[in-house]
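Asks: One structure coming up, written as structure tokens, with questions to follow.
The values are calculated or read from the model by the stated rules, or taken from the named source; none is laboratory data. Everything quoted here is computed from the prediction, not taken from an experiment. Cβ placement follows ideal geometry from the backbone for every residue including glycine, while neighbour counts extend to all protein chains displayed. Heads up: the accessible areas ignore ligands, DNA and RNA and are worked out on the full protein's heavy atoms, side chains in. Shrake-Rupley method; radii C 1.70, N 1.55, O 1.52, S 1.80 Å.
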Amino acid sequence: MRKIASTWSAAVVGVEALPVEVEVDAGNGKENFVVVGLADTAVKESRQRVKAAVWNSGYFCPDGFITASLAPADLKKAGPCFDLPIALGLLACSGQICKDRLAEWMVIGELALDGEVRPVRGALAISLLARERRTKGLIVPLVNALEAKAVEGVNIVPVRDLREAAEVIEGKALPLPSEGIPVEEKRKREEASVAVDFSEVKGQETVKRALEIAAAGNHNVLMIGPPGSGKSMLAKRLPGILPRMTMEESFETTRIHSVAGLLRSEDSLVRERPFRSPHHTISDIGLIGGSANPTPGEVSLAHHGVLFLDELPEFKRSALEVLRQPLEDGQVTISRASGSMTFPARFMFVAAMNPTPRGNVEQSTGSQAARRYLNKISGPLLDRIDLHLEVPAMKHEHLLSEHPGESSGTIQKRVESAREVQRARFGPGASIHANAQMGPRELRKRVPLDRESKNLLSSAMTDLSLSARALDRILKVARTIADLARSEKVLLDHLAEAIQYRTLDRQIWG
């Protein structure tokens, strides 16, 4: 008599998890084991892993023709997360565990040949799906337990191996405790998080002021200066002055890092703003995301954090141009033959570059080689960068000074205060959380201009040949400067300071 057992699992598509019903049938016929349901190579190879894990866990694998079906059949399945549900289905259809009990659970996990359950990607997204579907519980690898338990209202059951998973189904085993981060490890991480501080930056007060403005309004920044002027050092300290992550931001960022397989096993959520700094040899797909099974790129991994591109002109022109959509829309849409997929990508873009190919300011920026170097960055990309900063070479007296600069914590308090003003202005539930996200209509409403302000902007646009998009950037930055000054209105001084952060590109590019 043929027996069919089923349970639930999930396929991660983009950053979302979709339900997958795993059905296993074992019956008469020539001995074989097939997996159907638009499965990729990693899923099809589960046949060998499952059979070895079943035997090595002390169970038997039924003879005859075995079919594992993953429904819906038109949804592409990728990765090894279906190993454990297929193995449990095999045990259930052969009468070794109760198939009715198995049908109540959602199960994920990769199997080793000895039956050990290995971690999988996307546990947080799958946990959210389990809560939505109101399953009896979600059986996960022990390593994924903290991540999955970040979702409230779900019965998360971590297991170490196939035998423990089978005993949980039978009600013979208690859920394993998921260990938190040891106190010593927490202390080391806290020390590491404060090790990179703005107080270590000597001099560069003008640049630090501009970066504070950028952090307060989530504005994009381009720093240009000779080697050794501290551009990279300043960029790496930016996450330390950004506002602390909200729970919603932490959830969104964690889902992306979980899908990409970058979440540390001892972490339940990403609580520090990500800082991504890819090498200039990165491909378009590596930066924006994609491949046959689309995965998040660097722009999505930097969601709610900082994307830093050092030596900006060294990046491929095509890679830089694909940044224009996420900089404008806060998301990336990847189209493939099977359909389109959207990844969130709302990040603070920070770039650094030398003024000339050799890096020294003394070399003429009007030379043909320098022109070719600078023209690698297109005008439309520059228009999407709010602040253009000149970072001068460090002076000896600053380098030798014993006086520490202002700490990141002190700057962060001012930044958070300015963000609170912005949240109150836009109101609860608004899609806009920072000044940099304002559209033209919102901008005109929030930054009314008097006659003197309009005359100043008109002169600046004429003298600096600024585009309409550059004008909007100036108004956004001016609004942030006013917020830092706790000023309800954008004054002439605020506009003048914002304009000075747009002059660098025109002085050099002409």
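Asks: Using the structure shown, decide if ASP74 is over 19 Å from GLY115 (Cβ atoms), more than 38 Å from the chain's Cα centre (by Cα) and in a loop (DSSP other than H, G, I, E, B). Steps first, please.
Replies: On the way: over 19 Å from GLY115 (Cβ atoms): yes; more than 38 Å from the chain's Cα centre (by Cα): no; in a loop (DSSP other than H, G, I, E, B): yes.
So ASP74 does not fit the description; no.
Asks: Answer yes if at least one residue in the stretch 122-129 is at pLDDT below 90 and in contact with a strand residue (DSSP E or B) (Cβ under 9 Å, 6 or more places away or on another chain), and no otherwise. Spell out how you get there, then give the answer.
Replies: Restricting attention to the stretch 122-129, the residues satisfying the condition of being at pLDDT below 90 are none.
No - not one qualifying residue is present in the stretch 122-129.
Asks: Further, regarding this structure: Taking the options VAL259, VAL270, name whichever one is closer than 25 Å to ALA216 by Cβ and β-branched (Val, Ile, Thr).
Replies: Numbers: VAL259 fails: closer than 25 Å to ALA216 by Cβ.
Result: VAL270 is the single residue among VAL259, VAL270 that is closer than 25 Å to ALA216 by Cβ and β-branched (Val, Ile, Thr).
Asks: Among the residues of the stretch 36-65, count how many are outside any helix (DSSP H, G or I) and closer than 19 Å to ALA165 by Cβ.
Replies: First, the residues of the stretch 36-65 that are outside any helix (DSSP H, G or I): 36-40, 45, 57-65.
Among the residues that remain, those that are also closer than 19 Å to ALA165 by Cβ are: 57-62.
Final tally of qualifying residues: 6.
Asks: How many residues are surrounded by 15 or more Cβ atoms within 10 Å (Cβ to Cβ), more than 14 Å from PRO85 (Cα to Cα) and out of contact with any Asp or Glu (no Cβ under 9 Å at 6 or more places or on another chain) when one looks only at the stretch 1-16?
Replies: Narrowing the stretch 1-16 to residues surrounded by 15 or more Cβ atoms within 10 Å (Cβ to Cβ): 4-16.
In the following step, the residues that additionally are more than 14 Å from PRO85 (Cα to Cα) were identified as 12-16.
Now narrow it down to the ones that are out of contact with any Asp or Glu (no Cβ under 9 Å at 6 or more places or on another chain): 12-14, 16.
Result for the stretch 1-16: 4.
Asks: Right, here's the next one. Looking only at the stretch 92-150, count how many residues are part of a helix (DSSP H, G or I), surrounded by fewer than 23 Cβ atoms within 10 Å (Cβ to Cβ) and of a type in the set (D, E, K, R).
Replies: 6
Asks: Report yes if LEU456 is open to solvent by less than 20 Å² (accessible area, probe 1.4 Å), touching a helix residue (DSSP H, G or I) at 6+ places or on another chain (Cβ under 9 Å), farther than 23 Å from THR246 by Cα and assigned to a helix (DSSP H, G or I), otherwise no.
Replies: Values: open to solvent by less than 20 Å² (accessible area, probe 1.4 Å): no; touching a helix residue (DSSP H, G or I) at 6+ places or on another chain (Cβ under 9 Å): yes; farther than 23 Å from THR246 by Cα: yes; assigned to a helix (DSSP H, G or I): yes.
When the stated conditions are applied, LEU456 does not pass them.
Asks: Being modelled with pLDDT of 90 or more, surrounded by fewer than 20 Cβ atoms within 10 Å (Cβ to Cβ) and of a type in the set (Gly, Ala, Ser) is the filter here, so list the residues in the stretch 491-510 that pass it.
Replies: Once the filter is applied, which keeps residues that are modelled with pLDDT of 90 or more, surrounded by fewer than 20 Cβ atoms within 10 Å (Cβ to Cβ) and of a type in the set (Gly, Ala, Ser), the stretch 491-510 yields only ALA496.
Asks: Additional query: With respect to ASN28, determine if the residue is surrounded by fewer than 16 Cβ atoms within 10 Å (Cβ to Cβ), more than 18 Å from VAL140 (Cβ to Cβ) and not basic (Lys, Arg).
Replies: On the way: surrounded by fewer than 16 Cβ atoms within 10 Å (Cβ to Cβ): yes; more than 18 Å from VAL140 (Cβ to Cβ): yes; not basic (Lys, Arg): yes.
Spelling it out, ASN28 is indeed surrounded by fewer than 16 Cβ atoms within 10 Å (Cβ to Cβ), more than 18 Å from VAL140 (Cβ to Cβ) and not basic (Lys, Arg).
Asks: All but one of (1) open to solvent by 60 Å² or more (accessible area, probe 1.4 Å); (2) modelled with pLDDT of 95 or more; (3) not β-branched (Val, Ile, Thr) hold for PRO85; which doesn't?
Replies: Looking at each condition in turn, PRO85 falls short on (1).
Asks: Between residues in the stretch 236-251 that are within 20 Å of VAL221 (Cβ to Cβ) and part of a helix (DSSP H, G or I) and residues that are of a type in the set (Lys, Arg) and open to solvent by 20 Å² or more (accessible area, probe 1.4 Å), which pairs lie under 7 Å by C-beta distance while being six or more apart or on different chains?
Replies: Filtered contacts from the stretch 236-251: PRO239/ARG273.
Asks: Inside the stretch 337-375, can you point out the residues that are more than 30 Å from LYS76 (Cα to Cα), modelled with pLDDT of 80 or more and part of a loop (DSSP other than H, G, I, E, B)?
Replies: From the stretch 337-375, those more than 30 Å from LYS76 (Cα to Cα) are 348-375; that's our starting set.
Cutting the leftovers down to modelled with pLDDT of 80 or more gives us 348-355.
Within the stretch 337-375, ASN354, PRO355 meet the criteria.
Asks: Which number in (1) farther than 18 Å from LEU102 by Cβ; (2) open to solvent by less than 10 Å² (accessible area, probe 1.4 Å) marks the one condition that VAL20 misses?
Replies: Looking at each condition in turn, VAL20 falls short on (1).
Asks: Just to be sure I understand the filter: pairs with C-beta atoms under 9 Å, separated by 6 or more residues or on different chains, first member in the stretch 325-336 and more than 15 Å from SER291 (Cβ to Cβ), second member open to solvent by less than 30 Å² (accessible area, probe 1.4 Å) and assigned to a helix (DSSP H, G or I). Which pairs pass?
Replies: Hits for this filter: GLN325/ILE288; PRO326/ILE288; PRO326/VAL299; PRO326/SER300; LEU327/VAL299; LEU327/LEU381; GLN331/SER300.
Asks: How many residues does the stretch 35-58 hold that are farther than 14 Å from LEU84 by Cα and open to solvent by less than 40 Å² (accessible area, probe 1.4 Å)?
Replies: The qualifying residues number 3.
Asks: Can you tell me which condition ALA173 does not meet? The list is (1) modelled with pLDDT under 90; (2) not in a loop (DSSP other than H, G, I, E, B), and all the others hold.
Replies: (2)
Asks: Something else: Mind checking whether some residue in the stretch 248-255 is under 17 Å from VAL332 (Cα atoms), surrounded by 17 or more Cβ atoms within 10 Å (Cβ to Cβ), among the charged types (D, E, K, R) and touching a Leu at 6+ places or on another chain (Cβ under 7 Å)?
Replies: Yes, the stretch 248-255 contains at least one residue that is under 17 Å from VAL332 (Cα atoms), surrounded by 17 or more Cβ atoms within 10 Å (Cβ to Cβ), among the charged types (D, E, K, R) and touching a Leu at 6+ places or on another chain (Cβ under 7 Å).
Asks: Considering only the stretch 459-490, how many residues are more than 22 Å from LEU382 (Cβ to Cβ), crowded, with 16+ Cβ neighbours inside 10 Å and not small (Gly, Ala, Ser)? Let's see the steps before the verdict.
Replies: Filtering the stretch 459-490 for residues more than 22 Å from LEU382 (Cβ to Cβ) gives 482-490.
Okay, now just the ones that are also crowded, with 16+ Cβ neighbours inside 10 Å, so 482-484, 490.
Filter once more, so that each one left must be not small (Gly, Ala, Ser): 483-484, 490.
Residues that pass the stated criteria total 3.
Asks: Still on this structure, please answer the following. State which residue is modelled with the highest pLDDT when the search covers only the stretch 277-303 and only residues that are open to solvent by 10 Å² or more (accessible area, probe 1.4 Å) and polar (S, T, N, Q).
Replies: Only one residue fits best here, namely SER277.
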